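Colleague: Following this message is one structure expressed as structure tokens.
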Amino acid sequence: MIGAKVQVYLQLSKTFWLVTMLMLAVSETLADKSFWVIWAQATSLLSPYLWFLFILQISGQIKLIPLKLQSFILLTTTTFLLMILSNPWHGLYYSNIMLENNILICSFGSLFNLEGYWAYVLCFFALTFSFRWIIVSKGLRRQQALWFTASGLMSLLTVMLGFVFKIDSINSMPLGFLIAAAFVAWGFYRWKVYNLIPFAHEAAINNMIDGLIVIDENNYVATM
């Protein structure tokens, strides 16, 4: 299914993001906290990119973005991820790390701000194409668009509560991510809005009075 793999990767990334936040809170040594803060920032950038990619794929809007621009977005995201993961060697992301009362204190460089801005740019793109998907679609497709837009918004709002409005993110993020995942699961298993073709096929067959036989170009029966 189009977008299915990216949705799985997105849920795994968000799950690992929560794990890094938890480990960052319970770790006691400077080395452990330094390790987990890097991965927390990496997943905080990877998740918006996967959300953006998923919306483009499932809505069929990826063709609206030129291939060169797609490559630029991927290259920029990958570059930021590599710079974050390699911070212990260059210190451009953060430096002057110390531990005070089990709280990690460090000086963030310009790379930290640029990465944060880029993550929110990706979220803005994802929301823009989500709302466009809602506007241009009808019927079941609009229901599908509304469901996945609500899921993405729930995750974004809980992250912003923690990192923009300084509300305790370790409490808000798990709840928001859980609700967002419930939206996806309920839409897939109950409403079947993830892949509309089997749903439409089932609805058509169940409401038919006559029979239907589908044959291929060689006149062999494909289904009936």
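The values are calculated or read from the model by the stated rules, or taken from the named source; none is laboratory data. Please read all numbers here as calculations on a predicted model, not as lab measurements. Note that we place each Cβ from the backbone using ideal geometry, even for glycine, and neighbour counts take in every protein chain shown. The area values use the complete protein model at the heavy-atom level, side chains included, leaving out ligands, DNA and RNA. Shrake-Rupley method; radii C 1.70, N 1.55, O 1.52, S 1.80 Å.
Colleague: Quick one: angle between helix 4-26 and the longest Cα principal axis of the chain, in degrees between 0 and 90, rounded to 10, please.
Modeller: The angle comes out near 30 degrees.
Colleague: Quick check for segment 5-152: number of Lys pairs with alpha-carbon distance under 27 Å, counting only pairs 8 or more apart or on different chains?
Modeller: Numbers: Lys5/Lys14; Lys5/Lys63; Lys5/Lys68; Lys5/Lys138; Lys14/Lys33; Lys14/Lys63; Lys63/Lys138.
Lysine pair count for segment 5-152: 7.
Colleague: Now a separate question. Once R0 is set to 22 Å, what does the formula 1/(1 + (r/R0)^6) return for the Cβ-Cβ distance between Lys5 and Tyr117, expressed as a FRET efficiency to the nearest 0.05?
Modeller: 0.20
Colleague: Also: If Lys and Arg each add +1 and Asp and Glu each add -1, what is the summed charge of the other residues whose beta carbon sits under 13 Å from the beta carbon of Ile135?
Modeller: Summing Lys/Arg as +1 and Asp/Glu as -1 gives +4.
Colleague: Shifting gears a bit: Taking trypsin sites (Lys or Arg not before Pro) that fall in a DSSP loop and have at most 10 other Cβ atoms within 10 Å as cut points, what is the longest piece of the chain between them?
Modeller: On the way: sites that count: Lys138, Lys166.
It runs 1-137.
Colleague: Still on this structure, I have one more. So what is the relative contact order for segment 1-45, in percent, with contacts set as C-alpha pairs under 8 Å and at least six apart?
Modeller: Computed value for segment 1-45: 39 percent relative contact order.
Colleague: Sticking with this one: Which one, Leu140, Gly152, Ser172, projects farthest toward the positive side of the charge dipole computed for segment 99-189 from Cβ point charges (K/R +1, D/E -1)?
Modeller: Ranked along the dipole, the leading option is Leu140.
Colleague: Please work out the C-alpha center-to-center distance from segment 18-34 to segment 100-135 and express it in whole Å.
Modeller: Each part's Cα centre sits 21 Å from the other's.
Colleague: For helix 67-85, report the angle its Cα long axis makes with the longest principal axis of the Cα atoms of the chain; keep it between 0 and 90° and round to the nearest 10°.
Modeller: Approximately 40 degrees, to the nearest ten.
Colleague: Roughly speaking, what is the stretch gain from Leu82 to Asn96, that is 0.36 nm per residue apart minus the C-alpha to C-alpha distance, in nm to one decimal?
Modeller: Roughly 3.0 nm would be gained on extension.
Colleague: Give the label of the value calculated from the structure for Rg/Rh (Cα atoms, Kirkwood Rh), choosing from (1) 1.09; (2) 0.98; (3) 1.13.
Modeller: So the structure-derived entry is (1).
Colleague: Quick one: which of 147-155, 110-118 comes out on top by average Cβ neighbours within 10 Å, and what's the full order, highest first?
Modeller: 147-155, 110-118
Colleague: Which value, in Å² and to the nearest 10, is the accessible area of Glu100 when all protein chains are kept and the probe is 1.4 Å?
Modeller: 100 Å²
Colleague: Here's something else I'd like to know. Would you kindly state how much longer the chain becomes between Thr15 and Ala31 on full extension, computed as 0.36 nm times their sequence separation minus their alpha carbon distance, in nm to one decimal? Intermediate results must be reported in sequence, preceding the final value.
Modeller: On the way: separation 16, 0.36 × 16 = 5.76 nm, distance 2.24 nm.
Stretched out fully, the Thr15 to Ala31 stretch lengthens by 3.5 nm.
Colleague: Tell me the label-point distance for the pair Asp210, Leu64, using the 7 Å Cα-to-Cβ offset, in nm and rounded to one decimal.
Modeller: Placing both labels 7 Å along Cα→Cβ, they lie 3.9 nm apart.
Colleague: May I ask for the angle, rounded to the nearest 10°, between helix 30-59 and the longest principal axis of the chain, with both axes built from Cα atoms and the value confined to 0 to 90°?
Modeller: 20 degrees
Colleague: Please report the carbon-and-sulfur percent of the accessible area for the chain; probe 1.4 Å, protein heavy atoms only, DNA, RNA and ligands left out.
Modeller: C and S atoms contribute 70 percent here.
Colleague: Oh, and also: Hey, what did the chain get for relative contact order, percent, Cα under 8 Å, at least 6 apart?
Modeller: RCO, the chain: 16 percent.
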